[in-house]
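First the structure, in the form of structure tokens, and then the observations on it.
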Amino acid sequence: MVTLEDFTALSAGSDVPLEGRVGECPQCGRNGVAQEEPDGIFYVHVQLSELLSDGMLTEARDCCRIARAAS
């Protein structure tokens with residue numbers, strides 16, 4: 001089963017189970033869910049999820065990467 005999740009269609013502040021809270025992307029201004037990575041943060045706007053026999057595969061289809069400020 002394949003599911004396309006469009007977080008831009010949700011209002012800011014909405015909670016998405018297993019993903020987080022929808023917020024406004026500081027780069028483009030569209031709604032998305034913030035995901036933390038060691039080298040920065042990215043806001044996922046559209047995500048494709050596929051249920052496989054050994055687990056769930058999720059892939060960001062539309063996102064903005066925000067680099068962390070140097071300390």
Which value, in debye to the nearest 20, describes the size of the charge dipole of region 2-67 about its Cα centre when Lys and Arg Cβ atoms bear +1, Asp and Glu Cβ atoms bear -1, and nothing else is charged? 240 debye
Only Cα pairs under 8 Å and at least 6 apart count here; give the relative contact order of the chain as a rounded whole percent. 29 percent
Could you identify which residue out of D54, D15, D39 has the top mean-square fluctuation in a GNM of the chain using Cα springs shorter than 10 Å? D54
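No value in this document is a laboratory result; all are computed from the given coordinates. Just so it is clear, the model here is predicted, and its values are computed rather than measured. Note: ideal-geometry Cβ built from the backbone for every residue, glycine included; neighbour counts use all protein chains shown.
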